[in-house]
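The values are calculated or read from the model by the stated rules, or taken from the named source; none is laboratory data. Nothing here was measured: the structure is a model prediction, and the numbers come from that model. Note that we place each Cβ from the backbone using ideal geometry, even for glycine, and neighbour counts take in every protein chain shown.
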Amino acid sequence: MADVDFHSKQDDSDLSLEGEITVPGVAKSDDELSTLDEPVKDTVMRDLRAIGTKFFHVLYPKTSKTLLKEWDLWGPLILCVYMAMMLQGNTSGQPEFAEVFVIYWIGAVIVTLNTKLLGGNISFFQSVCVLGYCVCPLAVALSVCRIILIANQTTALFVVRFLFVIAGFAWSTFASTAFLGDVQARNRKVLSVYPIFLFYFIISWLIISHTH
Amino acid sequence: MADQSPWQESSNKMTSSQGSAILDMQLEEMEMMEDDASDNGENGFNEKAMPQKEDNGSAEDMRKRIGQNVGEMVWQVSKQRAQKAWSVYGNIDILRPYFDVEPKEVQKRLIYSLIPQRPTTQRQRVHKELYGPLMVIFTLIALLLFQMKTSDHKVEEGTLMGTAFGVCFIYWFGASGLVWVLSYICGVRIAMLQILSLIGYALFSHCIVLFLGTVIHTSHDHMLFYVTWAVIGGLSTAKMACVVFSRASGKTERIIVIALIAVLHLSFLLYLHFAYHSVVEEISMVLDSKVIPPPIAHEQINQKLERAVDYEKVVPDFTKKVVNMVKPIIPNDTLNKLRPVINDTLKNVIRQAPTMMNKISGHALHMVNKTLEHSETLKVM
């Protein structure tokens, strides 16, 4: 197992204020006073920086506890809204915004339930957070596909789109297994990876079948 | 995200306990609310004792207060009952033992769902497991989605995803329920979870058949599908039949249950194939002819040609003309032998005319169309 990624001292105290579940040794009242008095810009910037750090961790996956310890659902929400807006189409064959939204969240819930039932010691929201963040490579693939779709379509372009989506799909699955890997017992990893694979497969299928 | 206090306690519980984290959190909240409410309840009881000593002018007040107290008592009791019911039925830990499998076991059970085991006097073992069947159903849903997209399945109400989900889960629960009821009546000793598990694993054969059907497009007929339907569907049905056979004693009863399982299983596969597979045929037909005609123009021209060409009249006329042309050259008896040959050839040529014309470009088709409108039959040619 790879080493845990350690941030600098400065980052540690910043991160611990915003999202950490247990903070041993820090009094509650101090926390509330110090974050209530600061200007709104500081709060927003701190949260944005946290979200950005998590995206970075997904795009360069190493085994790290950042996503698990300081979970938040902003990243998944941003990704979900972005993808649903891009995938929405006016013709009847295209999915609606609501459809993509529901598939995303219900899919994350089902995969999380499965992981918990298989005996994983991970909380519900941590798992939804990780699954949501790991859709980021697929969102990148979707943007690339959308750019490619501007040109006139040929078979070669379709193959290029297909390859990009496959790459995004493989990257997403690999990233999520890097984070959820040590939650399960060694030999049962396949059991919890398979539904994640199916979930990302369905999302990739939505992306690749989006033709205008 | 900055304010964590109401969630911190519950999150503590989440990370520390292995099990039902969602439930702990909600129970926490309910307990907190209950504590608040029970304080109010006690105050209400104390107040009730006092007004009984006052005179009738405050009878209205008394009635109001009694009403309030009774209302609160009812609320208390029903909330406690609801909490107890939730903690018994909503606890996902009930399902935990049915997910306790190793990957090797799942693999083995998937493969054995296609291999019927000869029934002996000993009861065949059916494992109560829900992971395998659930994964098989999700894979089936993904395959259906894939098929629906390729075949341009239009859904009026709801969505593609919703339809696929609904169909698969309704079949799984519905068929299992029916089989369970019938087994109970017929005295087959098998539990509901075992039936769910059995039917779930048998859907693996459906996944295989649908996957083969999507990947291998056969043109015009469904022979490949029927063969795989009979072979693979038949194998999994036989497996289920053998399990039921080994678990029942009466001959007629066994047959009834086996017949029900076979009918449900095989007809579900037929439904899945034919409901979502229509346009794949047309695509493969077009690819075979290597030309994609403009569909509407093709139909119209075919119809016009058929109307214009009256085979009964035209072919004998043509035959007579050709025979008259060759009469000076060819002797009579050869001519008599040749007559049917000429007849057939002319029929074929005239019948081929539409498809031959299809191979010309659309513009030429249009021109031919116009020509046919003016000249009524091919006699003019």
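Taking into account only those residues within the range A:203-212 that are in a helix (DSSP H, G or I) and crowded, with 18+ Cβ neighbours inside 10 Å, which is nearest to the chain's Cα centre (by Cα)? I'd like the intermediate steps shown before the answer.
Residues of the range A:203-212 in a helix (DSSP H, G or I): A:203-208.
From what's left, crowded, with 18+ Cβ neighbours inside 10 Å: A:203-204, A:206-208.
Details: A:Ile203: 13, A:Ser204: 14, A:Leu206: 17, A:Ile207: 16, A:Ile208: 19 Å.
Only one residue tops the list, namely A:Ile203.
Determine whether B:Glu105 is within 14 Å of another protein chain (Cβ to nearest Cβ) and not in a helix (DSSP H, G or I).
No: the conditions fail for B:Glu105.
Report whether or not B:Val88 is more than 14 Å from every other protein chain (Cβ to nearest Cβ), assigned to a helix (DSSP H, G or I) and either at positive phi or modelled with pLDDT of 90 or more (or both).
When the stated conditions are applied, B:Val88 does not pass them.
Pick from B:Arg123, B:Arg109, B:Arg189: which is among the basic types (Lys, Arg) and at pLDDT 90 or above?
B:Arg109
Select, from A:Leu157, A:Leu113, the only residue that is surrounded by fewer than 20 Cβ atoms within 10 Å (Cβ to Cβ), part of a helix (DSSP H, G or I), without any contact (Cβ under 8 Å) to a residue 12 or more places away in the chain and away from chain B (no Cβ under 14 Å).
Checking each option against the conditions leaves just A:Leu157.
When the range B:186-215 is examined, which residues are found to be without any contact (Cβ under 8 Å) to a residue 60 or more places away in the chain and closer than 22 Å to B:Gly250 by Cβ?
Matches in the range B:186-215: B:Met192, B:Ile195.
Testing A:Val130 on (1) under 25 Å from B:Gly132 (Cβ atoms); (2) surrounded by fewer than 20 Cβ atoms within 10 Å (Cβ to Cβ); (3) of a type in the set (Val, Ile, Thr), one condition comes back false. Which one is that?
Failing condition for A:Val130: (2).
Could you please give the count of residues in the range B:122-151 that are away from chain A (no Cβ under 11 Å) and aromatic (Phe, Trp, Tyr)?
Qualifying residue count for the region: 0.
Among the residues of the range A:188-202, write down those that are of a type outside the set (A, V, I, L, M, F, W, C) and either more than 8 Å from chain B (Cβ to nearest Cβ) or within 15 Å of the chain's Cα centre (by Cα) (or both). Write out each step before concluding.
Let us first name the residues in the range A:188-202 that are of a type outside the set (A, V, I, L, M, F, W, C), namely A:188-189, A:192, A:194-195, A:200.
A:Lys189, A:Ser192, A:Tyr200 - these are the residues of the range A:188-202 that are of a type outside the set (A, V, I, L, M, F, W, C) and either more than 8 Å from chain B (Cβ to nearest Cβ) or within 15 Å of the chain's Cα centre (by Cα) (or both).
Please indicate, with yes or no, whether at least one residue in the range A:84-94 is within 12 Å of chain B (Cβ to nearest Cβ), under 13 Å from A:Leu206 (Cβ atoms), in a helix (DSSP H, G or I) and aliphatic (A, V, I, L, M).
No, the range A:84-94 contains no residue that is within 12 Å of chain B (Cβ to nearest Cβ), under 13 Å from A:Leu206 (Cβ atoms), in a helix (DSSP H, G or I) and aliphatic (A, V, I, L, M).
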